[in-house]
Amino acid sequence: MRLVKEPGSARSGFKDWYLQRLSAVVLAVLLPMPFVVLILVYAGVVDQFGLLDIVDNFVSRLLHTILITALIIHAYMGLKVMIEDYVAAIGWRVTLIGSMLVVMSGFGIWWMAIIWAWGG
Amino acid sequence: MGYLSTDKVKHHFHDVVIIGSGGAGMRCALQLADAGHRVAIITKVLPTRSHTVAAQGGINASLGNVLSDHWQWHMYDTIKGSDYLGDQDAIEYMCRAAPLLVRELEHQGVPFSRLEDGTVYQRPFGGQSREFGEGGQASRTCAAADRTGHAILHTLYQQNLRAGTHFYQEFFALDLITDENGCQGVMAWDIAKGEYHLFQAKAVVLATGGAGRVFKMTTNAHICTGDGGALAVRAGLPVEDMEFFQFHPTGIADVGPLITEAVRGEGGYLLNGDNERFMLRYAPTAGDLASRDVVSRAIALEIREGRGCGPNKDHVLLKLDHLGTELILAKLPNIHELALRFAGVDCTKEPIPVQPTMHYTMGGIPTNRFGEVVSKGADGVEASYPGLYAIGEAACVSVHGANRLGGNSLLEIVVFGRACGNQVLKRLRHHRYHPPLAPDCWQAGMERVEGWLRTAGKQDGLKIAEVRLRMQTIMQDHFSVYRTEAVMAEGVERIEALAAELEHAALSDGSRIFNTELVEALELDHLMALARVTAAGALARTESRGAHARDDYPERDDADWLRHTLAGIRDNKVELDYKPVRMQPMTVPSFPPRKRVY
Amino acid sequence: MAEMIQLSVFRYDPEKGGKPFMQAYEVPVSGPGMKLLDALNYIKWQLDGTLTYRRSCGEGVCGSDGLNINGINGLACITPIAGLKQPIHVRPLPSMEVIRDLVVDMDHFFDQYRQIQPWLQAVTPMPEHERLQSPAQRAELDGQYECILCGCCTTACPSWWWNGDRFLGPATLLQANRWIVDSRDEAMGDRLDQLEDAFRLYRCHQIMNCMEACPKELNPTAAIDNIKRKILARKS
């Protein structure tokens, strides 16, 4: 007799794995950029107006959007795996992952609103 | 309705029960499970722990992938290798079936090494020739690097998983259930849970492997304790040719692990203390690839005459560094690992210290070429024992006679595993139901365990391990490569005395859950029975043949001794009997005994 | 007086009950090449017959005596005493249910092995001769087929500790890959279907304890990566 009744393959997991790696690549490319900008500011190369020009620029806004999306996806996937690892009860898993999804998307929408200056 | 007069024994019904999960047992199980039968394998270990896993070099088959080959040449070599004690009908059957069965193994998934054209790689091995000894060295041994046994055992296990064979793992077989209609099943002890099980079956197959642990220095696993042979002896049957234990020429000196003959097949050779390739003196044609008994005796002679190596001059050297690191790592990776771990030697740079080490049990439960256990009836005519079968190293068909050729043991297990499966299928056709058993038939089996458990904690009892070590030492000192009348007579006396002392042995562990000391005690019962018949058989055989080499009778004696020994224990006395060798093959002319030169 | 080795061995007797404890033993050195199994055998045969462990071949090919030795999984029969810090802590394989002393229940481990259908599957009829395979195709199997199912890698994997009921574990996945890379096997698609699961396969987070633990020096992590790449390839 089997010790564990195994539910079979859920045809899942690939997308998570793929998105996590894809978002990691995006982060590796884009994440240094804000730091570069910050360093430039602190070094005095860019002043406040220069900084605003950079941030306001359409391409910057686009990159910023991609960066935040990748960051949220990456964090979500990573935390999801951790919850799956350490939380055994399915009810708790779904609740925690669900609330994490809500909080993270809320954060994402709020950030988008700032980048694209929605409503203002 | 209760079948048995106790509720302490769980009663199972299977079509076939196979004791042992090595290559032979699993190949047999596969044949039967694929035919839709309810097959149980009872094994005292987990299924992939059986000793087949340690076989290294390969499996013989006249595929002719490297050099042209013929099964009749293979047959000739096997008969010559057996020193003419092999039964020629069985040998013909095995050699003819070999190519088919090796291809079948390949189809089942064994990861054989390959030649450039994609066919199975074959290497030269000891005792092989072409054209009946006239055409030089053959290349007949199919190999999966030097892990062939591992590859075959795992593949057969996988196939049994597919076929749905029932595994009762870590169950110890205690007693065969027999009545006037033959063998009806087996009593077993669940080692992990400490419960009794009775397996009733229409056929019982003993596939328990060799009895190498009767000796102190052996390449065999701790589990090779001859359980099947001893169960047969308990059931009043004799065992055949037990005096023939093969000493492999190249066990790692002092520790035991085997260095495969494939090392010499690939071009390695032996050196003595004078740095001389001494095998060329003993076997001018075959050299280092002479038959195992010949090489072992040559090494023993070199050491005895003071031409050994090392500070104690007690071993010789196996040189293979000239083959090149690349070939060694590709074809002999396991040897490289073993030499490093157990001899502390990097064999790509230095030679490996080796000495002859007990390796294989040629003898066993007498069977015919269908795997049926045979015994002499009251009328003196040989007949098969209904419902009882034996295969593999546990059996003596006899295809190995007095000396086994390298690469023939893996072949034997698949050929006779399958043949036995087919024979059992025939029996199952007209044995459709389980007959009622004597309600008390479980008692003898249970008493074995309870008897030992009662000794637990007894004051001044002998330790199991101590008795075993004494037995192994006696066998090693009195019955190894060279044997003489005086030495063996003393050995027989000492082993009989020790067998009597076994009564005073006691367990220190009285637990029922995973009591491995109890298992060792039950195994010691088995080893002791086989040591006794081995000793008696060896003393009686006044000739030198194959692995049985005597100083006082250095020549083979075909007039008196071209016959199999049958040894059993009746009323606690060893009884010897003999039967003729079957010299008539199935379809080809007989190979009459000739002088054996390599 | 021979040099002595100190051991501290995990003991648990289900019949006596109570908590498991570590018992100290002292064993003489038998020779320069002495292995841990020799020490355990000495204890069992000379000092304490109740010590319980599995062993068979004694040369590292059967996989019986996988143990946790000074915190690292390995086979007792090929672990030299010489390199070990004393007292040598000998425990059963981690995260497994202990039956007694050093013996653990391997049923679930073998059950997971069975789950991946570890046998050759092909639909083309068997040829008269062997299924041909070039030496290069055969070389793909090196580092895959040598697995002895000792369980050292799987029981060293934290992912398997947390989700062993659903994550197949490194040993089983290595064997899954063994059939995926075998040129004779024709069921790669089915095999990948069965493996593609957030728990069965993707619980591997490349912790790489498995390749550290493997006594046969195989690399299950690389095999798992190969499976993931195969799934990626057929999706893109």
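The calculated P(r) of chain B, using every Cα pair and 10 Å bins from 0, goes 3, 18, 29, 28, 16, 5, 1, 0 in percent. Going by a ≥ b ≥ c, the root eigenvalues of the Cα gyration tensor, does chain C fall in the rounded group (a/c under 1.5), the prolate group (a/b larger than b/c) or the oblate group? Cα axes put chain C in the prolate bin.
Cα-based values for segment B:464-506, radius of gyration first and Dmax second, are 10.9, 34 Å.
Backbone phi angles across segment B:390-399, fed through the Karplus curve with coefficients 6.51, -1.76 and 1.60 (θ = phi - 60°), yield HN-Hα couplings of 9, 9, x, 5, 5, 9, 10, 6, 10, 9 Hz in residue order; Gly and Pro are listed as x.
Dipole magnitude for chain B: computed about the Cα centre from +1 point charges on Lys and Arg Cβ and -1 point charges on Asp and Glu Cβ, it is near 1060 debye. Cβ crowding within 10 Å ranks A:116, B:71 as A:116, B:71, fewest other Cβ atoms first.
From the cross-link list B:202/B:376; B:216/C:44; B:80/B:595; C:35/C:216; B:10/B:193; C:44/C:85, which pairs have alpha carbons spaced over 19 Å apart? From B:202/B:376; B:216/C:44; B:80/B:595; C:35/C:216; B:10/B:193; C:44/C:85, over 19 Å: B:202/B:376; C:44/C:85. The base-10 log of I(q)/I(0) for segment B:45-157, evaluated at q = 0.17, 0.24 Å⁻¹, reads -0.83, -1.33 [Debye formula, identical scatterers on Cα atoms, solvent excluded].
Unpaired cysteine residues in chain C (no second Cys Cβ under 4.7 Å): C:77, C:147, C:150, C:152, C:157, C:204, C:214. Other protein chain C-beta atoms within 10 Å of residue C-beta, averaged over B:39-50: 4. Every Cα-Cα pair in the protein assembly as shown was counted, and those over 41 Å apart are 41% of them. Considering the dipole of segment C:107-235 built from charges on the beta carbon (Lys and Arg +1, Asp and Glu -1) around the Cα centre, which of C:122, C:137, C:204 is farthest to its positive end? The residue sitting farthest along the positive end of the dipole is C:204.
Across peptide B:107-119, the mean count of Cβ atoms from other chains lying within 10 Å of each residue's own Cβ comes to 6. With contacts taken as Cα pairs under 8 Å at a separation of at least 6 residues, segment C:39-84 carries a relative contact order of 23 percent. If you bin all the Cα-Cα distances of segment C:107-235 at 5 Å, starting from zero, the percentages per bin are 2, 11, 22, 23, 20, 12, 6, 3, 1, 0.
Can you bin segment B:327-406 into rounded, prolate or oblate? Criterion: square roots of the alpha carbon gyration tensor eigenvalues sorted a ≥ b ≥ c, rounded for a/c under 1.5, prolate for a/b above b/c, oblate for the rest. Verdict is prolate for segment B:327-406.
Below 8 Å, C-alpha to C-alpha, sequence gap of six or more: please give me the relative contact order for segment B:159-262 in percent. Relative contact order, segment B:159-262: 17 percent.
The 3J(HN,Hα) values that the Karplus relation (6.51, -1.76, 1.60; θ = phi - 60°) gives for segment C:168-174 are, in residue order, 6, x, x, 4, 5, 5, 4 Hz. Gly and Pro appear as x.
Once the Cβ-Cβ distance of residue B:10 and residue C:19 is raised to the sixth power relative to R0 = 30 Å, the FRET efficiency obtained is 0.45.
Principal axis extents of the C-alpha atoms in segment A:15-115 (largest first, rounded to whole Å): 53, 24, 22. Taking every DSSP helix (H) stretch of at least 4 residues in chain B, weighting each as -39,500 (n - 2.57) and dividing the sum by the residue count yields a mean residue ellipticity at 222 nm of -10500 deg cm²/dmol. Averaging the Cα positions of each part gives two centres, and for segment B:1-62 and segment B:248-284 these lie 36 Å apart. Here segment C:69-112 has an Rg and Dmax of 12.1, 36 Å, counting Cα atoms alone.
Along segment C:79-87 the Karplus relation, 6.51 cos²θ - 1.76 cosθ + 1.60 evaluated at θ = phi - 60°, assigns HN-Hα couplings of 8, x, 4, 3, x, 9, 6, 9, x Hz to successive residues, with x for each Gly and Pro. Take each residue in B:177-187, count the other chain C-beta atoms within 10 Å of its C-beta, and the mean is 0.
Principal axis analysis of the Cα atoms in segment B:443-580 yields extents of 54, 29, 24 Å, listed in decreasing size.
Residues whose amide H comes within less than 5 Å of that of residue C:5, counting only those at least five positions distant or on another chain, are C:27, C:29 (H built at 1.01 Å from N in the peptide plane). Remark: B:233, A:4, A:46 ranked as A:4, A:46, B:233, counting other beta-carbon atoms within 10 Å and listing the fewest first. Normalised by residue number, the volume inside the convex hull of the Cα atoms of segment B:284-330 is 113 Å³ per residue.
Ranking B:456, B:244, C:156 by Cα position along the charge dipole of the protein assembly as shown, where only Lys, Arg, Asp and Glu carry charges on their C-beta atoms, puts C:156 farthest toward the positive end.
In this structure the amide hydrogen of residue B:251, modeled in the peptide plane, comes within under 5 Å of the amide hydrogens of B:259, B:355, B:357, none closer than 5 places in sequence on its chain.
Enclosing the Cα atoms of segment B:378-506 in their convex hull gives a volume equal to 213 cubic angstrom per residue.
Using alpha carbons only, the radius of gyration of segment B:250-356 set against its Kirkwood radius gives Rg/Rh = 0.94.
Going by average Cβ neighbours within 10 Å, how do the peptides B:98-110, B:518-530, B:14-26, B:577-589 rank, with the highest at the top?
So the order, starting with the most tightly packed, is B:14-26, B:518-530, B:98-110, B:577-589.
Counting only residues at least eight positions apart within a chain, or on another chain, the aspartates and glutamates with an alpha carbon under 17 Å from that of residue B:349 are B:266, B:321, B:326, B:337. Span-like helix criteria (full DSSP H runs; alpha carbon extent of at least 27 Å along the helix axis; mean Kyte-Doolittle hydropathy of at least -1.0) are satisfied in chain B by B:88-108, B:408-430, B:516-540.
What is segment B:380-438 by shape, rounded, prolate or oblate, if you read a ≥ b ≥ c off the alpha carbon gyration tensor as root eigenvalues and call it rounded for a/c under 1.5, prolate for a/b larger than b/c, and oblate otherwise? Because a/c hits 1.5 or more and a/b exceeds b/c, segment B:380-438 counts as prolate. Each of C:53, A:86 was scored by other Cβ atoms within 10 Å of its Cβ. Listed from fewest to most, they are A:86, C:53.
Divide the volume of the convex hull of the Cα atoms of segment B:446-487 by its number of residues and quote the answer in cubic angstrom per residue.
108 Å³
Counting every C-alpha pair in segment C:41-174, the share spaced more than 23 angstrom apart comes to 45%. Backbone amide hydrogens, once placed in the peptide plane, bring residue B:12 within less than 5 Å of B:198, B:199, B:200, excluding anything fewer than 5 places away on its chain.
Within chain C, what's the longest run with no GluC sites (Glu not before Pro) in a DSSP loop and at most 10 other beta-carbon atoms within 10 Å? Give the range, please. Answer from the scan: C:4-127. Placing unit charges on the Cβ atoms of the charged side chains and taking the dipole of segment B:1-123 about its Cα centre, the candidate lying farthest along the positive direction among B:12, B:61, B:85 is B:12.
Under the convention that each Lys and Arg Cβ holds +1 and each Asp and Glu Cβ holds -1, the size of the dipole of the protein assembly as shown around its Cα centre is about 1720 debye.
Taken along its principal axes, the alpha carbon cloud of segment C:4-104 reaches lengths of 39, 27, 23 Å, longest axis first.
Every number here is computed from the coordinates shown, using simple stated rules; none is lab data. Here the structure is a predicted model, which is why all the values come from computation and not from measurement. Quick reminder, even Gly has a Cβ in these numbers, built from the backbone with ideal geometry, and neighbours come from all protein chains shown.
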